[in-house]
Amino acid sequence: MKTRITILLAALFVSFNISLAQQDEECMNNLSIFDSYVKTKKYDDAYEPWKIVREKCPKFNRAIYVHGEKILTHKIENSTGTEQVAHINDLMKLYDQSREFFPSKYDLGEVLVDKANLAYKYRDELGISVEDEYKMFQEAFDKDKKSFTNAKGLYTYFSLAVDLFDLGILPAQKMFDKYDDIIEIIENIVDENTSKLNALVQKEEGGNTLSKKEGRLKNYYESSINAFEEQVIPSMDKKLGDRATCDVLIPLYEKNYEDNKTDGIWLQRAMNRMYAKGCKEDPLFLKLVQQKNSIEPSADTSYYLYLLTGEQKYFDQTLDLESDPLKKAKLYKKLANELKAKGSYGRARQYYMESMKLNPSDGSPYLAISAMYAKSANSCGDTNFNKRAVFWLAALEAEKAGRVDGRLKSAAAKSAASYRASAPSKSDIFTEGNAGQTIRIGCWIGRSVTVPNI
């Protein structure tokens, strides 16, 4: 009896393996077919063989989900009515399956945001309310904030918060809190990419050539930072619009102050928003800063106290309290911008240079310095020729911005060309007879520039 059972189990095992082998062969053949169709963008032809592999061998290859998204997106974009809704729902299901069968390749937050973005894009077709859309993004934020890094999703999440505020569903404070939540996510993403970008820029500036992979990474980091800083954040501010003016913020924060005066996060966010919206002249701003400084002294509160009082001790305290290089670079640049606006160019340049030491991939300080040089041309040269020579210095500084910061290449090139157009011409150099000579620029600039050879 024991022998017969052993033989039977062996037969079943062989039969099972043969079945698996046949299934694998069928899946392999169909995988090859739909992969070839997808590569040539023949998504309709790819659909049936893809369905076979998805249904029979859902764990067979990740291409089922990578290519499947392309196939179903094509189906959605080329259908209407109930057929389109069916494809939309199927793509939702595919996102869930991607994480179910390849959990190490698909983070929960990524999947939830993909589903929320899809639902938002086809909200009319699906008949989803603003509140339900918002809840989908909220789920991604609550369950896996670390993986919620999708630029489009972050903007949509905040945009929906504003829409809910306008509908009277979300209170103003909650809307502002959501703005701060998302800005913190963005700042973390930008800081992480900036640190990686700085390492590559320093390698290049040191005279080394980047590998092809490093070059691609450099472009990726630059485009990611640009997307958040130049597109997402400005779009969020535009969406917020006059819902966050001083006339709105001051009464709101005055009303909520007593309940939150021991909450460091609330105080920090309130004073940051008042500063950003130009409300720093109101007594409430000073009140917020002093309260925050009394319970949780920070680089930000010290910096604000420096702006309000002009006392050097607060600025020294600012730098002592801030240990993060990128945050310190931002503080240096923020102070430099304030000094530049006041016409204190020498000190502004000093802090711009400190900022660049800590964040070498940010070329904006170079552009700011070049603009200060250009604006000082008439007052920093002793002759008409030497005054105009300052524009060569300005052009050189602008070109540095484009060299270290790919995001500023176009702006830097335009600025440099404009400055060179204001500098002495070849005929001016010929008349002066000083080609190749070094000119010392006086006043606060205190730099030298070489006259081009003609």
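The values are calculated or read from the model by the stated rules, or taken from the named source; none is laboratory data. Keep in mind the model is a prediction, meaning the values are calculated, not measured. Glycine also receives a Cβ, built like all others from the backbone with ideal geometry; neighbour counts cover every protein chain displayed.
Residue under question is Asn256, and the condition is that it be surrounded by 15 or more Cβ atoms within 10 Å (Cβ to Cβ) and not β-branched (Val, Ile, Thr); does it hold? When the stated conditions are applied, Asn256 passes them.
The set of residues in region 353-367 being small (Gly, Ala, Ser), buried (at least 21 other Cβ atoms within 10 Å of the Cβ) and assigned to a helix (DSSP H, G or I) consists of Ser355 alone. Checked against the criterion of being among the basic types (Lys, Arg), at pLDDT below 95 and closer than 16 Å to Ala244 by Cβ, the candidates Lys280, Lys313 yield just one match: Lys280. Here Asn198 does not fit the description of being loosely packed, with under 14 Cβ neighbours inside 10 Å and outside the structural domain of Tyr304 (by TED's automatic domain parsing). Among the residues of region 306-319, some residue qualifies, meaning at least one is closer than 27 Å to Lys238 by Cβ and not assigned by TED's automatic domain parsing to the domain that holds Glu184. All of Ala377, Ala389, Ala421 fail the test of being closer than 30 Å to Glu229 by Cβ and small (Gly, Ala, Ser), apart from Ala421.
For region 307-323, the set of residues classified as in a helix (DSSP H, G or I) and either of a type outside the set (Ser, Thr, Tyr) or more than 29 Å from the chain's Cα centre (by Cα) (or both) consists of Leu307, Leu308, Thr309, Gln312, Lys313, Tyr314, Phe315, Asp316, Gln317, Leu319, Asp320, Leu321, listed by residue number. Taking region 216-305 as the region of interest, the helices (runs of 4 or more DSSP H) fully inside it that hold 3 or more residues being over 25 Å from the mean Cα position of the chain (by Cα) are 246-260, 283-295. The residues on offer are Leu112, Leu160, Leu164, and the sole one that is under 26 Å from Ile71 (Cα atoms) and of a type in the set (A, V, I, L, M) is Leu112. Helices (runs of 4 or more DSSP H) fully within region 37-118 that include at least 1 residues being closer than 26 Å to Tyr134 by Cβ and hydrophobic (A, V, I, L, M, F, W, C): 63-77, 81-101. Of all the criteria given as (1) closer than 29 Å to Ser410 by Cα; (2) without any contact (Cβ under 8 Å) to a residue 12 or more places away in the chain, the one not satisfied by Asp259 is (1). Restricting to region 331-352, what's the tally of residues that are more than 18 Å from Cys443 (Cα to Cα) and surrounded by fewer than 19 Cβ atoms within 10 Å (Cβ to Cβ)? Count: 4.
Considering only region 125-143, I want to know if a residue exists there that is out of contact with any helix residue (DSSP H, G or I) (no Cβ under 6 Å at 6 or more places or on another chain), of a type outside the set (D, E, K, R) and not in a helix (DSSP H, G or I). Within region 125-143 (the criterion being out of contact with any helix residue (DSSP H, G or I) (no Cβ under 6 Å at 6 or more places or on another chain), of a type outside the set (D, E, K, R) and not in a helix (DSSP H, G or I)), the answer is yes, since at least one residue qualifies.
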